[in-house]
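Asker: Here it is, the structure, as structure tokens.
The values are calculated or read from the model by the stated rules, or taken from the named source; none is laboratory data. All values derive from a computational prediction rather than experimental measurement. Neighbour counts are summed over all protein chains in view; Cβ atoms, including those assigned to glycine, are modelled from backbone coordinates with ideal geometry. Surface areas here come from the heavy atoms of the whole protein model, side chains and all, with no ligands, DNA or RNA. Shrake-Rupley method; radii C 1.70, N 1.55, O 1.52, S 1.80 Å.
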Amino acid sequence: MPDDLVNAVLHAKDKQAIKQIGIEWCAEQTRELKARHVPIIHYYSMGKSDNITAILKSI
């Protein structure tokens, strides 16, 4: 795990903040993959499709 991500999660004030950190990190990874012309990106929702919706709206 990247140190920046671990530190962000450790310093989060609550579960909602941790969720938002995860959304932001995933959105940034998605932007990087799209910039490199990756043709397909697959997300595992783990039964939480609202997270995926938030990621896609942010990109």
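Asker: For the chain, calculate the relative contact order in percent as a whole number, restricting contacts to Cα pairs under 8 Å that are 6 or more residues apart. Walk me through the numbers on the way to the answer.
Answerer: On the way: 23 pairs, mean separation 20.6, N = 59.
For the chain, the relative contact order is 35 percent.
Asker: Once you have the Cα-Cα distance between LYS13 and GLN29, take 0.36 nm times their residue separation minus that, and quote the gain in nm to one decimal.
Answerer: 3.4 nm
Asker: Next up: If you line up the long axis of helix 49-58 against the longest principal axis of the chain, both from Cα atoms, how many degrees apart are they, to the nearest 10?
Answerer: Value to nearest ten degrees: 70.
Asker: Under the rule of at least 5 residues apart or a separate chain, name every residue whose amide H is placed under 5 Å from the amide H of ALA12.
Answerer: HN-HN under 5 Å from ALA12: empty list.
Asker: Can I ask one more? Could you compute how much accessible surface HIS42 exposes when probed at 1.4 Å, giving the result in Å² to the nearest 10?
Answerer: Spelled out: HIS42, probe radius 1.4 Å, area about 130 Å².
Asker: Which shape class applies to the chain: rounded if a/c is under 1.5, otherwise prolate when a/b exceeds b/c and oblate if not, where a ≥ b ≥ c are the square roots of the Cα gyration tensor eigenvalues?
Answerer: Working: a/c = 2.33, a/b = 1.44, b/c = 1.62.
Note, shape of the chain comes out oblate.
Asker: While we're on this one: May I ask you to evaluate 6.51 cos²θ - 1.76 cosθ + 1.60, the Karplus curve with θ = phi - 60°, for each residue of the stretch 9-15 and list the ³J(HN,Hα) values in order in whole Hz, giving x for glycine and proline?
Answerer: 5, 4, 9, 5, 7, 7, 5
Asker: Near LYS57, which aspartates and glutamates are there with a Cα under 18 Å away, not counting those fewer than 8 places off in the same chain?
Answerer: GLU24, GLU28, GLU32
Asker: Related question: State the answer as a single residue: which of TRP25, ILE52, ALA35 lies farthest towards the positive end of the charge dipole of the chain, with beta carbon charges of +1 for Lys and Arg and -1 for Asp and Glu, about the Cα centre.
Answerer: ILE52
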